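**Student:** This structure is in C-alpha cells; I'll ask about it shortly.
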Amino acid sequence: MAKLKNAALPPQGQRLFHLPHAGARNIISLLACGAMLSGCGVKKLPEMYSAGDESLPSLTALVTLDNTPQCAEEAGGDTTSYCYTELDAPVQAVTDYRSALESDYDCVPLSADGARLAQAETLSDQGKLILARESEGGLFLLDLSWDETSCTVTPSFDAGGTLPEESSMTMEEAVDYFRSLPPSALGLPGQSMSDYAIFCEDGLVLLDGAPCLCLNVYRDGSYQGSFLFSPAGKSIYQLDRSTGQSHPLTP
C-alpha cells in the first residue's frame, strides 16, 4: 500500500476538447518504457519535476512505495519524461500522489482532454491524468499515464494557459433540466423526455473555451444522441461522436 510522506514546498520561481497550447504537451505512451529503460537508466530517483521556472515534488518524494521502483528518463524537445517500472500498485501510487498535490500544492486534476475531474473520481487500473497548477505565466502540467506495472510522468509548462472554469450546475441539476425540455428541443421524437434515459458524464469539456457538461440520451436501451450543455447560458449543442464536431440547438 502506498503511503503519503511529507515534502517541502518547492521555490516559486476548438476543435473540441483542448487546453491552450495542448499540442505542446507530450503524454508519453507507456509502450515506450521498455525502450527508455534500455537507453538511460537513472540510479537516483528524481526529487522534483521541473518545466520553465516551475517545479513540483516527484512521485517518490511524496509517496512511500512498498518497493523501490526503477526509473528511466528520456529528454525530448523541451520536456523530460520519467518512466517508473517494477511498481506493485501504480494506480494506488497515482491516487496518493494526486491527493497530495491537490491538498498541499493547489493542483487541479484534469482529464487527458483538459476537462476538470471530480475530486472523488476513482481511477482505473490504467489511464491518463493531468495535474495542473496555475502560475502567473501559465500552467505547470504533469501528464501521468499508467498501467498495471508502470507509470510515466511528463512535466511541461503551458505559457499563457489557464484552468477550465468550474461548472455552476451539478450533474443532477443538468439531467433535471434536460428532463424539463420537450424532446423536440433536442431534435428527438415524442411528447415527453420521461420516455428517455439521460446520463451525464463526469467532468467538463471545453467548447470554444466554455466549460460544458456532456449528456448522453437513450430510449428503450437505444442510443439517441450526445449533447454538450453550457450551464452559464443554458446553451445546448448536439455532438457528433464520430467527428467531434458540434452544432447549437435552441431549446
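The values are calculated or read from the model by the stated rules, or taken from the named source; none is laboratory data. Everything quoted here is computed from the prediction, not taken from an experiment. Reconstructed Cβ throughout: ideal geometry from the backbone, glycine too, with neighbour counts over all protein chains shown. Surface accessibility is based on the protein's heavy atoms, side chains included, excluding ligands, DNA and RNA. Shrake-Rupley method; radii C 1.70, N 1.55, O 1.52, S 1.80 Å.
**Student:** If a/c stays under 1.5 just call it rounded; otherwise compare a/b with b/c (prolate if a/b is bigger, oblate if not). Do that for region 51-179, with a ≥ b ≥ c from the square roots of the Cα gyration tensor eigenvalues.
**Tutor:** In terms of gyration-tensor shape, oblate.
**Student:** Still on this model: Please give the contour-minus-distance gain from S242 to Y218: 0.36 nm per residue of separation, less the Cα-Cα distance, rounded to one decimal in nm.
**Tutor:** Length gained between S242 and Y218: 6.9 nm.
**Student:** Can you find, among T122, G137, F157, the residue farthest towards the positive end of the dipole of region 111-161? Put +1 on the C-beta of Lys and Arg, -1 on that of Asp and Glu.
**Tutor:** Farthest towards the positive pole: G137.
**Student:** For region 171-214, which whole-number percentage of the solvent-accessible area (1.4 Å probe, protein heavy atoms only) is attributable to carbon and sulfur atoms?
**Tutor:** 51 percent
**Student:** Taking the Cα centre of region 57-134 as the origin, how large is its charge dipole in debye, to the nearest 20, when only Lys and Arg (+1) and Asp and Glu (-1) carry charge on their Cβ atoms?
**Tutor:** That gives a dipole near 160 debye.
**Student:** What dipole magnitude, in Debye to the nearest 20, does region 115-201 give about its Cα centre under +1 on Lys/Arg Cβ and -1 on Asp/Glu Cβ?
**Tutor:** 160 debye
**Student:** Please label the shape of region 74-117 as rounded, prolate or oblate, based on the square roots a ≥ b ≥ c of the eigenvalues of the alpha-carbon gyration tensor (a/c under 1.5 means rounded; beyond that, a/b larger than b/c means prolate, else oblate).
**Tutor:** oblate
**Student:** Once you charge only the Cβ atoms, +1 for Lys and Arg and -1 for Asp and Glu, what is the size of the charge dipole of region 150-227 about its Cα centre, to the nearest 20 debye?
**Tutor:** Dipole magnitude for region 150-227 comes out near 240 debye.
**Student:** Does region 152-251 come out rounded, prolate or oblate, given a ≥ b ≥ c as the square roots of the eigenvalues of its C-alpha gyration tensor, rounded meaning a/c under 1.5 and, failing that, prolate meaning a/b above b/c?
**Tutor:** Note, shape of region 152-251 comes out prolate.
**Student:** With a 1.4 Å probe and every protein chain left in place, work out the accessible area per residue of region 82-150 in Å², rounded to a whole number.
**Tutor:** 40 Å²
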